[in-house]
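Note sheet for the following structure.
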Amino acid sequence: MPEHSLTSSAQLKARHGRETRFRWMGRIAILLSLGFLVFMFVAIGMRGSSAFSQTRILLQINFDEQILDPQAKRDPAQLALANYKPLITKALKQLFPEVTKRRDQRRLGRLLSNGAAFELADMAAKDPQLIGTTRDIWLTASADVDMLIKGKVDLGVEENLRRLKDTELSWIRKLQDNGHIKKKFNSAFFTKGDSREPEMSGIFGAMVGSFFSLLVCFVIAFPMGVLTAIYLEEFAKKSFITNIIEVNINNLAAVPSIVFGLLGLSIFLGVMNLPRSTPLVGGLVLALMTLPTIIIASRAALRSVPNTLREAALGLGASKVQTTFHHTVPAAMPGMLTGAVIGMAGALGETAPLLMIGMVAFIVDVPQGITDIATSLPVQIFLWADSPEKGFVERTSAAILVLLAFLIAMNLTAVILRKKFEKKW
Amino acid sequence: MTKSSVKKDKPAKKSKKNIILSAKNVDVFYGSKQAINNVSFEIPENRITALIGPSGCGKSTFLRCFNRMNDSIDNCKVTGDIRFAGQDIYDPAVDVVALRARIGMVFQKANPFPKSIFDNVAYGPRIHGLASSKEHLEEIVVSSLKRAGLFDEVADRLHEGGTGLSGGQQQRLCIARAIAVDPQVILMDEPCSSLDPIATAVIEDLMESMKENYTIVIVTHSMQQAARISQRTAFFHLGDLVEFGKTRDIFTNPKQTRTQNYISGRTG
């Protein structure tokens, strides 16, 4: 046995053992956290994915001129206001001649969504040529039918406890046998605002509201945050006052968001009388919240710029402002943008302050600008999660999926921006 | 203000008209810590003056007084009288931007801007408005690169990144960048400390040829380098200027024991 053994010894074994154990602990930690994430995504995905399809019923609609446009003016505004209910009733009568009782006919009509007539009105208003013709049209089914087709109704329950009675089930079965009922892609979910009817409600209004709020937030918070950071980092002399400012910026970053909401309520709405429930006020409040995040990230980015770069410019006789804006800021830009995007992603998911300034209202119309009343994605999720209708359950999950998709897209943008603008030293 | 301008108007020593930089009773403090103790000496024009001494002796700090780079350090205070061509550079009327256009600097670590080679050299002339036209600017860039001995190596890639060059080339790019502003003095803070001997030799040759047009003050760690290239040498130790004189004298016949010990390798 040589004096210095190059093979394993008890002490070496213990050292390697420690390393192996540490590696496994790390792997287990990663697996656990990934597991939670996957669990969350799968759970939401399973509940929400069904909301991306919508049950529709094929009806042969006769756009009867007598009912819709007796004076034959073809005025789109008038056509949009006409009564399209009778057309649906007629089409259903053709399909189900055996249903004669008034009460049953009304129940038959309820297989379709209340919004189906409005769908016809929209079509006619867009294309007045339809008047007088007969077309096959897929109309939105009611939420009850939708849930049944998606297999979310327990048919084992006693008939009088079910929302769909046996007669309705037989009608639906007949429609199914004829191929008149089908699940189709739910484009309304991405193009419409909120609605009392789950099958007619969409996320688009909330998306636009969120977009406008974030726009206001970015336009205010980014320049202010970046300029604050530049001043504090590059120009201000370290003193007692800058120390106090620094501590308080960190404090602001830790203030709960609802406090910012209350602040916005009392100042923007109470004192400045800005319009309630609008993306303008929402964006202002979110800007207050995002500001500290952007300042802190921008200062870190500026601090990471090597001092040799500043010295190079100063040594050539560049002034402080030239040095800062020609060299330091461009070099720190990727970090600043990343910080801003991450701050914005936080603002996108923020709910509490928006509740305080009234962006929690039931709003059907898609907002057209920053002064229109609006809601936002997380608030819409909150509103739908609060609704008892079964159709809203899947929509809540679907809205969460949309929100997560946006968050992932924004964080991805941050990564791409950083990669794109990063310079090597 | 008036007092200092009166002081400035005192005629500088005209007899030694080739003295370009002078320091008199200069103290430098970092907060309460004194880094330079009462240093006085004069630097002749169109010569290479080397500042040598062990690490932390204050030679870099002292070098940075000449173009007021210490201004940007928050708690650094410089007292005493430092004159460039007879003018007190710490006079409130002196614009530090104009001063740095006359006294260029090359740093220890090559620090080209993350821009093209052309833009690196053109930056100084651009901010000082030295070029009258695009062609003139190109002329300045090319002649600066030629003087820095870099042009032949980068002629075909002037618009590629300056950070892609080798260490020695980057340092020569920084020299070209400093030359482009047409300074009278170039301060060099250990310009070869991160270069291999071949790149170092190239830069030493360059300095030798540059001294016709410029006054060079170089801080160096390497005594051999100081002996090879400089005409004057100042030896610093613990913030004191121990000895200053002709390089030949300092290295062959030092008067102070501290210098002797350092040069012979016994301390430092």
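For the range A:129-142, residues that are at pLDDT below 90 and buried (at least 18 other Cβ atoms within 10 Å of the Cβ) total 1. Scanning the range A:62-105 for residues that are in contact with a Ser or Thr (Cβ under 8 Å, 6 or more places away or on another chain) and closer than 23 Å to A:Leu169 by Cα yields A:Asp104, A:Gln105.
Anything in the range B:154-170 that is within 12 Å of another protein chain (Cβ to nearest Cβ) and assigned to a helix (DSSP H, G or I)? List them, or say none.
Hits for the range B:154-170 are B:Gly162, B:Thr163, B:Gly164, B:Gln170.
When A:Leu252 is tested against (1) of a type outside the set (Phe, Trp, Tyr); (2) under 28 Å from the mean Cα position of the chain (by Cα); (3) at pLDDT 95 or above, exactly one condition is not met: (3). Just one of the listed residues (A:Arg18, A:Arg56, A:Arg106) is modelled with pLDDT of 90 or more, within 30 Å of A:Ala188 (Cβ to Cβ) and among the basic types (Lys, Arg), and it is A:Arg56. Cβ-Cβ distances below 6 Å connect the following pairs, each with a first residue in the range A:252-278 that is within 9 Å of A:Ile357 (Cβ to Cβ), a second residue that is among the small types (Gly, Ala, Ser) and not in a helix (DSSP H, G or I), and a separation of six or more residues or different chains: A:Arg276/A:Gly358; A:Ser277/A:Gly358; A:Ser277/A:Ala361. Residue selection: B:Thr61 satisfies the criterion of being assigned to a helix (DSSP H, G or I), β-branched (Val, Ile, Thr), on the phi < 0 side of the Ramachandran plot and touching a strand residue (DSSP E or B) at 6+ places or on another chain (Cβ under 8 Å). For the range A:291-312, the criterion of being facing chain B (nearest Cβ under 8 Å), in contact (Cβ under 8 Å) with a residue 24 or more places away in the chain and more than 17 Å from B:Ile127 (Cα to Cα) is satisfied by at least one residue. Of the residues making up the range A:307-353, those that are over 30 Å from A:Pro256 (Cβ atoms), among the polar types (S, T, N, Q) and touching a Leu at 6+ places or on another chain (Cβ under 7 Å) are A:Thr323, A:Thr328. Exactly one residue among B:Gly124, B:Gly161, B:Gly149 is within 22 Å of A:Val305 (Cα to Cα) and modelled with pLDDT under 90, and that residue is B:Gly161.
Every residue, every condition in (1) within 13 Å of chain A (Cβ to nearest Cβ); (2) out of contact with any helix residue (DSSP H, G or I) (no Cβ under 9 Å at 6 or more places or on another chain); (3) modelled with pLDDT under 90; (4) under 23 Å from B:Ser144 (Cα atoms), yes or no:
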site: B:Ala50; (1), (2), (3), (4): no, no, no, no
site: B:Pro54; (1), (2), (3), (4): no, no, yes, no
site: B:Phe62; (1), (2), (3), (4): no, yes, no, no
site: B:Cys65; (1), (2), (3), (4): no, yes, no, no
site: B:Asn70; (1), (2), (3), (4): yes, no, yes, no
site: B:Ile73; (1), (2), (3), (4): yes, yes, yes, no
site: B:Ala101; (1), (2), (3), (4): yes, no, no, yes
site: B:Gln108; (1), (2), (3), (4): yes, no, no, yes
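Considering (1) within 14 Å of chain A (Cβ to nearest Cβ); (2) touching a strand residue (DSSP E or B) at 6+ places or on another chain (Cβ under 6 Å); (3) of a type in the set (A, V, I, L, M, F, W, C), say which one B:Ala180 fails and leave the rest. Status for B:Ala180: all satisfied but (2).
From the list A:Ala347, A:Ala340, A:Ala313, pick out the single residue that is over 24 Å from the mean Cα position of the chain (by Cα) and buried (at least 20 other Cβ atoms within 10 Å of the Cβ). Full working, then the answer.
Details: A:Ala347 fails: over 24 Å from the mean Cα position of the chain (by Cα); A:Ala340 fails: over 24 Å from the mean Cα position of the chain (by Cα).
When all the criteria are applied, what remains is A:Ala313.
Only one entry in B:Asn37, B:Asn25 is at pLDDT 90 or above, part of a strand (DSSP E or B) and more than 25 Å from B:Gln231 (Cβ to Cβ), namely B:Asn37.
Only residues in the range B:83-98 that are more than 14 Å from chain A (Cβ to nearest Cβ) count as the first member; pair them with residues that are of a type outside the set (D, E, K, R) and assigned to a loop (DSSP other than H, G, I, E, B), Cβ under 7 angstrom, at least 6 apart or cross-chain, and list the lot. Close Cβ pairs (under 7 Å, with a partner that is of a type outside the set (D, E, K, R) and assigned to a loop (DSSP other than H, G, I, E, B)) amount to B:Arg83/B:Ala12; B:Arg83/B:Ile89; B:Gly86/B:Ala12; B:Gln87/B:Val94; B:Pro92/B:Met1. Residues that are surrounded by 19 or more Cβ atoms within 10 Å (Cβ to Cβ), among the hydrophobic types (A, V, I, L, M, F, W, C) and either over 20 Å from B:Glu212 (Cβ atoms) or within 14 Å of chain A (Cβ to nearest Cβ) (or both) within the range B:117-153 comprise B:Ile117, B:Phe118, B:Val121, B:Ala122, B:Ile127, B:Ile140, B:Val141, listed in sequence order. Residues in the range B:219-268 that are of a type in the set (Gly, Ala, Ser) and modelled with pLDDT of 90 or more: 5 in all. Number of residues in the range B:51-69 that are closer than 21 Å to B:Gly86 by Cα and surrounded by 19 or more Cβ atoms within 10 Å (Cβ to Cβ): the value is 7.
Can you spot a residue in the range A:359-379 that is in a helix (DSSP H, G or I), away from every other protein chain (no Cβ under 14 Å) and surrounded by fewer than 18 Cβ atoms within 10 Å (Cβ to Cβ)? No, that holds for no residue. Total residues in the range A:318-343 satisfying the condition of being more than 23 Å from A:Thr293 (Cβ to Cβ) and either of a type in the set (A, V, I, L, M) or at pLDDT below 90 (or both): the figure is 2. The set of residues in the range A:116-151 that are touching a residue at least 12 places away in the same chain (Cβ under 8 Å) and of a type in the set (Asp, Glu) comprises A:Glu119, A:Asp122, A:Asp136, A:Asp144, A:Asp146. Going through (1) surrounded by 15 or more Cβ atoms within 10 Å (Cβ to Cβ); (2) touching a residue at least 40 places away in the same chain (Cβ under 8 Å); (3) under 30 Å from A:Pro198 (Cα atoms) one by one, A:Asp69 falls short only on (3). You will find that of A:Val157, A:Val153, A:Val145, A:Val99, the residue that is β-branched (Val, Ile, Thr) and assigned to a helix (DSSP H, G or I) is A:Val145 and no other.
When restricted to residues that are closer than 24 Å to A:Ser113 by Cβ and in a helix (DSSP H, G or I), the range A:61-89 contains 13.
Within the option set A:Phe392, A:Phe382, being on the phi < 0 side of the Ramachandran plot, in contact (Cβ under 8 Å) with a residue 60 or more places away in the chain and aromatic (Phe, Trp, Tyr) holds for one residue only, A:Phe392.
The values are calculated or read from the model by the stated rules, or taken from the named source; none is laboratory data. This one's a predicted model, so the numbers in the text were calculated from it and none came from an experiment. We place every Cβ from the backbone using ideal geometry, glycine too, and count neighbours over all the protein chains shown.
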